[in-house]
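Read through the structure below, which is laid out as structure tokens, and then see the notes.
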Amino acid sequence: MPKVALVIPSYWSRPRPEVWRPGDAVYDHPTPLDAEGTLHRTLESLRVLPRRDFRLVVLAVPTSDEIAPAVERRVETIVREAAAWLGVPWSVFGPSRLARVHAELERRGLGHLKDLLRLRGYANVRNLCVFVPHVLRADTVVLIDDDEIFEDPDFMDKALEAVGRTLGGESVYAVAGYYRQPDGGFLVPELAEAWARAWGQVEAMNRAFKAYIGRPPRYKVTPFAFGGNLVLHRALFTRVPFDPGVPRGEDIDYVINARIFGSKVFLDRTLAIRHRPPPKTHPAWRRLREDVLRFVYEREKIRRQTGLPGTVRV
């Protein structure tokens with residue numbers, strides 16, 4: 001039986017009302033330390049899964065070093081209580097354990113690699129989401145987020161059905177599922193603001209979702225993925241990292257990285273998980289700025305790989 005890790009990064013911020021200070025990491029909706037948050041809800045929903053032959057790995061991700069010890073304690077308490085009735089082995093990885101990893105790298109004369117393992121920024125966190133299971137000798141990682149709810153009892157069976165096998169002569173080392181929105185559908189609600197309509201991102205996303213999620217066959221090579229519903233085999237995650245240069249959208253960027261290294265990501269249109277995010281905590285302009293930087297960066301990455309003219313410095 002392949003060793004499977006179910007990995008959940010959990011993001012936490014300063015207590016209310018301050019929540020964020022200049023210099024803190026920017027995430028869409030980290031949980032304030034004095035709030036209940038969503039992690040317990042996600043773990044509670046694991047009760048629906050009859051198949052629990054996995055190791056639960058939760059990353060405790062603080063927005064600031066100042067709150068790191070409190071965040072680790074809080075996450076460990078939540079996970080320990082849930083794992084007791086889930087009956088699964090578990091690990092919590094936070095800044096203190098990362099410090100031990102860094103110390104070990106220094107001891108082995110590999111201190112120059114420390115910056116590749118960081119708990120700050122979406123891509124860095126995702127890299128640790130596969131690094132920790134790799135150390136634990138997992139064959140497959142199932143990545144979800146702490147603002148999601150399991151509703152399908154067959155989720156794990158579907159997640160592991162194709163990964164590590166072949167489809168149509170293609171080796172499958174990455175399978176992407178998708179999010180069910182609060183209304184039950186897979187389309188992202190369109191924003192009413194004029195800037196959002198001009199930007200056109202949601203409309204472009206929904207066109208792609210209709211074409212890939214909304215139509216058969218079940219499996220198809222996909223140009224997008226959701227980091228909160230992604231299955232990776234060690235044959236891929238030990239060769240292809242998430243790109244730390246991407247401020248957000250690290251999941252779709254991973255599809256690009258995989259193609260650069262000769263692998264494809266397959267969408268499974270039956271692999272769904274409910275997405276119930278709390279309100280975002282940062283203004284739209286900040287997220288838009290990071291999207292602009294991300295798309296310019298990714299365009300340059302693709303141009304450099306394909307040899308297309310018109311490269312830009314970023």
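Laboratory data are not the source of any read-out in this text; all were calculated from the coordinates shown. Remember, predicted model here, so these are calculated numbers, not experimental data. Here the Cβ positions follow ideal geometry from the backbone for every residue, glycine too, while neighbour counts run over all protein chains shown.
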- [ ] Tell me which label goes with the value of mean projected area of the Cα convex hull in nm² computed from the coordinates here: (i) 17.4; (ii) 19.6; (iii) 15.9.
- [x] (i)
Open item on the list: Can you give me the long-range amide H partners of Phe93? Hydrogens built in the peptide plane at 1.01 Å from N, cutoff under 5 Å, separation of 5 or more residues or another chain.
Closed with: Val58, Leu59, Ala60
Task: segment 105-111 - phi-based ³J(HN,Hα) in whole Hz, Karplus 6.51/-1.76/1.60, Gly and Pro as x - done: 4, 4, 4, 8, x, 10, x
Task: DSSP bridge pairs, segment 4-306: antiparallel proportion in percent, nearest 5 - done: 40 percent
- [ ] Give, in nm to one decimal, the length gained when the segment between Glu203 and Thr166 is fully stretched (0.36 nm per residue of separation minus the Cα-Cα distance).
- [x] 10.0 nm
Open item on the list: Let me check I have the definition right: for segment 4-68, take the eigenvalues of the Cα gyration tensor, multiply each by 5, take square roots. What are those semi-axes in whole Å, largest first?
Closed with: 28, 13, 8
Open item on the list: Going by average Cβ density within 10 Å per residue, which order do the peptides 254-260, 166-172 take, highest to lowest?
Closed with: 254-260, 166-172
Task: lysines whose Cα lies under 26 Å from that of Lys264, excluding same-chain neighbours fewer than 8 positions away - done: Lys3, Lys158, Lys210, Lys220, Lys301
TODO: Find how much the distance from Asp157 to Val296 grows on full extension, using 0.36 nm per residue of separation minus their present alpha carbon separation; answer in nm with one decimal.
DONE: 46.3 nm
Open item on the list: Please list, in order along segment 34-41, the HN-Hα scalar couplings obtained from phi with the Karplus expression 6.51 cos²θ - 1.76 cosθ + 1.60 (θ = phi - 60°), rounded to whole Hz, x for Gly and Pro.
Closed with: 9, 10, 5, x, 10, 4, 4, 4
Task: Relative contact order [Cα under 8 Å, 6+ residues apart], the chain, whole percent - done: 21 percent
Task: Under the Karplus curve 6.51 cos²θ - 1.76 cosθ + 1.60, θ = phi - 60°, whole-Hz ³J(HN,Hα) for segment 287-293, x wherever Gly or Pro sits - done: 5, 4, 4, 5, 5, 4, 4
